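Quick one: the structure is below, questions incoming.
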Amino acid sequence: TINITLSGNSSARICIWAWSDERPIFNFSSMSESDANRGIFLSGSFWHLKGFEIYKAGDNGIKIEGNDNIIEQCVFSYCGDSGLQIGMAKSDVNPGNIACRNLVLNCDSHHNFDSRNNGKNADGFACKLHAGPGNIFRGCRSWENSDNGWDLYENEEKIIIEDCWTWHNGDKASFGWTGSWNGNGNGFKIGGNSS
């Protein structure tokens, strides 16, 4: 896992951008599937990551618990959980200043598959489990993930999803899976909790 803990500030973002029309790939295919095996864990704030692909992370491609970050023109594919997730853990309490005001812009997330839970948790994009206020998804696409296109489970704050597409999620045939199946297959799973 690449752990990003350093923070910039509102007048000096820390930027990692792909060069020109190139698309670097962060290939985590040697990483085993495990809840702790995220590709990038971003707890820092005021980052701008642009133009690369996260491939086959053992859990989330990117997990964000920091604030005021921009993730732009990135692709998340074949990860063992949600391609990109903003939020905390199910039992956490957010005082209102964690995982806030992040912008996910013109990103794609596809073919993410949680084999450990028969497809249950791998969404394209997730802003769930007590994310803070002000998170936005704009111009993003999500398809053929084993669970949902977007998942906003256990979230109490307003999330903006604007000009985004999602299709064909939750189909075990997409992964050649023949066993029992727990993938929901929602396009946009909008908030609330299991009750």
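Of the numbered conditions (1) part of a loop (DSSP other than H, G, I, E, B); (2) open to solvent by less than 60 Å² (accessible area, probe 1.4 Å), residue 104 fails exactly one; give the number of that condition.
Just one mismatch for residue 104, condition (1).
Still on this structure: Is it the case that residue 14 is in contact (Cβ under 8 Å) with a residue 60 or more places away in the chain and of a type in the set (A, V, I, L, M, F, W, C)?
Judged against the criteria, residue 14 is not a match.
For region 32-60, enumerate the residues that are in a loop (DSSP other than H, G, I, E, B), open to solvent by 60 Å² or more (accessible area, probe 1.4 Å) and either touching a Pro at 6+ places or on another chain (Cβ under 8 Å) or on the phi < 0 side of the Ramachandran plot (or both).
32, 33, 35, 36
Which condition from (1) touching a strand residue (DSSP E or B) at 6+ places or on another chain (Cβ under 8 Å); (2) modelled with pLDDT of 95 or more is the one that residue 81 breaks?
Here residue 81 meets the rest and fails (1).
All but one of (1) of a type outside the set (Ser, Thr, Tyr); (2) touching a Gly at 6+ places or on another chain (Cβ under 7 Å); (3) open to solvent by 10 Å² or more (accessible area, probe 1.4 Å); (4) within 17 Å of residue 174 (Cβ to Cβ) hold for residue 117; state the number of the condition that does not hold.
Condition not satisfied by residue 117: (2).
Do you know which residues across region 108-129 are out of contact with any strand residue (DSSP E or B) (no Cβ under 6 Å at 6 or more places or on another chain) and assigned to a loop (DSSP other than H, G, I, E, B)? Give the steps one after another, and end with the answer.
First pass over region 108-129, keeping only residues out of contact with any strand residue (DSSP E or B) (no Cβ under 6 Å at 6 or more places or on another chain): 112-122.
112, 113, 114, 118, 119, 120, 121, 122, listed by residue number.
Taking region 123-172 as the search range and keeping residues that are open to solvent by 40 Å² or more (accessible area, probe 1.4 Å), in contact with a Lys or Arg (Cβ under 9 Å, 6 or more places away or on another chain) and among the charged types (D, E, K, R), which one is nearest to residue 85 (Cα to Cα)?
Residue satisfying both the conditions and the ranking: 162.
For residues that are surrounded by fewer than 10 Cβ atoms within 10 Å (Cβ to Cβ) and not acidic (Asp, Glu), scanning just region 6-24, find the one that is nearest to residue 67 (Cα to Cα).
Looking at the filtered set, the residue picked out is 10.
Which of (1) crowded, with 18+ Cβ neighbours inside 10 Å; (2) part of a loop (DSSP other than H, G, I, E, B) does residue 181 not meet, given it meets every other one?
Going through (1) crowded, with 18+ Cβ neighbours inside 10 Å; (2) part of a loop (DSSP other than H, G, I, E, B) one by one, residue 181 breaks only (1).
Additional query: Mind telling me which of the residues 75, 93 ends up being aliphatic (A, V, I, L, M) and touching a strand residue (DSSP E or B) at 6+ places or on another chain (Cβ under 9 Å)?
Details: 93 fails: touching a strand residue (DSSP E or B) at 6+ places or on another chain (Cβ under 9 Å).
Just one listed residue meets the conditions, 75.
For region 20-31, enumerate the residues that are modelled with pLDDT of 95 or more and assigned to a loop (DSSP other than H, G, I, E, B).
Within region 20-31, 24, 28, 29, 30, 31 meet the criteria.
Restricting to region 156-178, what's the tally of residues that are in a helix (DSSP H, G or I) and of a type in the set (Ser, Thr, Tyr)?
Residues meeting the conditions: 1.
The values are calculated or read from the model by the stated rules, or taken from the named source; none is laboratory data. Computed from a predicted model, the values in this text were never measured in an experiment. When we count neighbours, we look across all protein chains shown, and the Cβ atoms used for this are built from the backbone with ideal geometry, even at glycine. Heavy atoms of the whole protein, side chains included, go into the accessibility calculation; ligands, DNA and RNA do not. Shrake-Rupley method; radii C 1.70, N 1.55, O 1.52, S 1.80 Å.
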